[in-house]
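Note sheet for the following structure.
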Amino acid sequence: MTEEDKLKRFNICIEQDEKIEPKDWMPEQYRKTMIRQISQHAHSEVIGMQPEGNWVLRAPTLRAKKILLAKIQDEGGHGLYLYSAAETLGIDRGEMIKQLHEGKAKYSSIFNYPALTWADIGAIGWLVDGAAIVNQVSLQRTSYGPYARGMVRICKEESFHQRQGYEIMVTMMNGISEQKKMAQDAMDRWWWPALMMFGPPDGESVHTKQSMQWKIKRESNDVLRQRFIDKTVDQAHFIGLEVPDKDLKFNEATGHWETGTINWKEFHEVINGNGPCNHQRMKHHIKAHNDGKWVRDAALAFAETEKNDQKQLITN
Amino acid sequence: MDTKEALYNYCLRLGDNNLVLGQRLAEWCSNGPILEEDLAMTNLSLDHFGQAEFMYEYAAELEGKGRTCDDIAFKRNEREYFNALITEQPNGDFAFTMMKHLLFSAFAQHLYESLSLSNDKRLAELSVRALKEIKYHFRHSSEWIVRLGKGTQESAMRTQYALNELWMFTADLFEINKIDETLIGIIVDSNELFPAWKKTIETVLNTANIKIPEKVHMLKGGYNGKHTEHLGHLLCEMQYLQRAYPNAKW
Ligand SMILES: [Fe+2]
Ligand SMILES: [Fe+2]
């Protein structure tokens with residue numbers, strides 16, 4: 001089959017909404033885009049463990065500790081499946097981590113904001129996981145099979161994440177005045193970054209067009225963002241939280257909440273490495289990875305000797 | 001001290017061991033040598049917090065003052081915690097943490113096995129539950145100790161160092177005080193667990209080519225609330241929100 005025929009078959013596959021599987025032929029650019037997207041997603045799950053891990057030791061009740069630990073564990077687990085999904089495209093985890101450390105691979109910018117108070121743990125679950133769910137539900141229909149199936153598994157756990165975050169916000173809004181203040185402060189700091197999680201507006205998004213054609217992306221940034229805004233504004237008002245946007249208004253005709261303009265300058269600053277925690281997050285990940293090298297080496301060396309011992313047993 | 005009060009204190013001891021270990025393991029979160037181990041340690045931590053919770057719930061019932069497991073977990077001072085000294089020691093490197101968990105989980109396994117036969121039915125039930133988890137903890141840490149002991153020169157050195165440093169805290173696990181004396185018949189005398197524990201440990205350490213250090217001066221006092229300086233810092237961090245906002249509900 002000529003390259004041209006292969007491309008034709010690939011395009012038909014996409015057109016008919018069939019999944020692309022690891023052994024199928026795919027255009028090099030599709031493979032690259034998939035690797036970029038899945039590894040970025042995997043790194044985001046893992047780097048996201050840091051701001052939440054920052055509160056595990058200070059979680060205020062045993063129940064809160066257990067829930068938070070279980071959530072962080074889920075996120076790490078998501079990282080694992082996503083690394084495996086990316087590996088089906090011919091890259092290994094070590095290489096992906098190297099790219100992350102060299103700044104060639106990115107992770108979600110949202111984790112470059114600090115988790116300053118306990119209410120931030122509520123806000124992260126409610127807003128950050130809430131935004132992630134909207135995106136991930138849409139990705140359940142993405143064209144690359146292993147990624148789509150990974151999303152189905154992940155989405156099942158994500159709704160628990162959002163609920164536990166909202167529950168923390170509810171508890172705090174029903175609490176003493178200091179707790180209410182903490183909750184509102186967290187809302188003020190996380191609202192806009194959460195909206196930015198969907199990426200630049202449709203007109204300016206560099207990857208969107210091709211990704212939509214290949215059905216990697218199924219819905220545009222702005223559509224997904226609006227879906228998140230509509231469900232979240234009501235949840236905020238329901239517990240007495242103010243949305244930090246003086247231009248926010250409900251459009252009766254369209255049935256949607258309209259927000260003020262997002263500060264895209266801040267978005268680009270954070271993406272380019274100038275967010276409050278970019279440096280800290282990367283340093284933390286690199287340190288843990290380097291500190292763990294002797295452990296990984298030891299495990300490898302041990303597995304090697306075991307294998308040789310087995311061989312000797314057989315030949316003797 | 002009557003039996004009920006002694007049993008209350010004994011549950012605190014069991015709960016405190018778990019609380020402190022859970023807290024220490026949680027420090028590994030996002031710091032593990034490989035993602036799989038990061039998750040494994042988070043998982044062990046979760047088990048320990050779960051065990052602490054049910055031990056404190058029982059303690060609160062025995063006390064009968066309407067306190068919750070969180071009141072017990074978060075609202076005491078350093079001298080009122082009765083965990084063994086080994087549990088509060090800082091994590092050190094991965095070999096140090098695994099060694100700590102090997103020594104402790106082997107102890108806890110024998111302890112819970114004996115407590116699961118206790119004639120205090122509730123304590124027996126809780127021990128059965130805890131035993132299931134702790135068996136896995138023992139397997140996890142013993143496999144790592146063997147892997148590290150026989151891995152590379154560096155890993156063997158670190159593993160041996162860990163045991164040399166931790167050995168002085170092992171006798172503390174088997175200490176008995178007035179609480180144990182009052183509960184004779186309900187709990188086993190910990191001294192009786194020592195030979196079985198030693199054998200379990202030696203089997204793993206021999207396989208790993210790690211030697212038990214000789215002539216070590218033993219530090220004791222955890223069960224009587226006499227701790228090392230490390231505990232206070234751990235509690236300070238853990239209790240922060242409960243102390244800062246004593247009227248808040250979380
Ligand atoms: Fe996730
Ligand atoms: Fe999540």
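The values are calculated or read from the model by the stated rules, or taken from the named source; none is laboratory data. Bear in mind the structure is a predicted one, so any value in this text is a computation, not a measurement. In this analysis, Cβ positions are derived from the backbone assuming ideal geometry, glycine residues included, and neighbour counts consider all displayed protein chains. Side chains are part of the model used for accessible areas, which takes the heavy atoms of the whole protein and leaves out ligands, DNA and RNA. Shrake-Rupley method; radii C 1.70, N 1.55, O 1.52, S 1.80 Å.
Condition first: open to solvent by 10 Å² or more (accessible area, probe 1.4 Å), facing chain B (nearest Cβ under 7 Å) and within 12 Å of ligand 2 (Cβ to nearest atom). Now tell me which residues in the range A:47-78 satisfy that.
A:Ala70, A:Gln73, A:Gly77
Give the residue that is farthest from A:Ile168 (Cα to Cα), with candidates limited to residues of the range A:235-256 that are hydrophobic (A, V, I, L, M, F, W, C) and open to solvent by 40 Å² or more (accessible area, probe 1.4 Å).
A:Ala253
For the range A:124-148, give me the residue count where each residue is hydrophobic (A, V, I, L, M, F, W, C) and away from ligand 2 (no atom under 14 Å from the Cβ).
The total comes to 1.
Sort out which residues of the range A:131-162 are away from ligand 1 (no atom under 11 Å from the Cβ) and touching a Ser or Thr at 6+ places or on another chain (Cβ under 7 Å), and write them in order of number.
Result: A:Pro146, A:Ala148.
Tally the residues that are β-branched (Val, Ile, Thr) and open to solvent by 10 Å² or more (accessible area, probe 1.4 Å), restricting the search to the range A:135-149.
1
Taking the residues in the range A:88-123 that are away from every other protein chain (no Cβ under 14 Å) and part of a helix (DSSP H, G or I) as candidates, determine which candidate is nearest to ligand 2 (Cβ to nearest atom).
Among those that are away from every other protein chain (no Cβ under 14 Å) and part of a helix (DSSP H, G or I), it is A:Ile110.
Can you name every one of the helices (runs of 4 or more DSSP H) wholly within the range B:4-100 that holds 1 or more residues which are within 21 Å of B:Arg139 (Cβ to Cβ) and within 14 Å of chain A (Cβ to nearest Cβ)?
Ranges flagged: B:35-63.
One residue is enough: does the range B:171-178 have a residue meeting the conditions touching a Leu at 6+ places or on another chain (Cβ under 9 Å) and of a type in the set (Gly, Ala, Ser)?
yes
From the set of residues in the range B:182-211 that are closer than 24 Å to B:Val20 by Cβ and without any contact (Cβ under 8 Å) to a residue 60 or more places away in the chain, which is surrounded by the fewest Cβ atoms within 10 Å (Cβ to Cβ)?
B:Asn191
Can you list the helices (runs of 4 or more DSSP H) found entirely within the range A:125-221 that contain at least 1 residues being within 17 Å of the chain's Cα centre (by Cα)?
Of the helices (runs of 4 or more DSSP H) lying wholly inside the range A:125-221, those with at least 1 residues that are within 17 Å of the chain's Cα centre (by Cα) span A:129-139, A:145-173, A:177-196.
Residues of the range A:149-164 being near ligand 2 (Cβ under 9 Å from one of its atoms) and either within 14 Å of another protein chain (Cβ to nearest Cβ) or touching a residue at least 60 places away in the same chain (Cβ under 8 Å) (or both), which ones?
Within the range A:149-164, A:Ile154, A:Glu157, A:Phe160, A:His161 meet the criteria.
Scan the range A:165-192 for residues that are of a type in the set (Lys, Arg) and either within 14 Å of ligand 2 (Cβ to nearest atom) or within 14 Å of chain B (Cβ to nearest Cβ) (or both) and jot them down.
Result: A:Lys180, A:Lys181.
Could you list, in sequence order, the residues of the range A:265-316 that are open to solvent by less than 50 Å² (accessible area, probe 1.4 Å) and within 19 Å of A:Arg189 (Cβ to Cβ)?
Across the range A:265-316, the qualifying residues are A:Phe267, A:Val270, A:Gly275, A:Cys277, A:Asn278, A:Arg281.
Being more than 19 Å from the chain's Cα centre (by Cα) and within 14 Å of another protein chain (Cβ to nearest Cβ) narrows it down to one residue among B:Leu205, B:Leu241; which is it?
The match here is B:Leu241.
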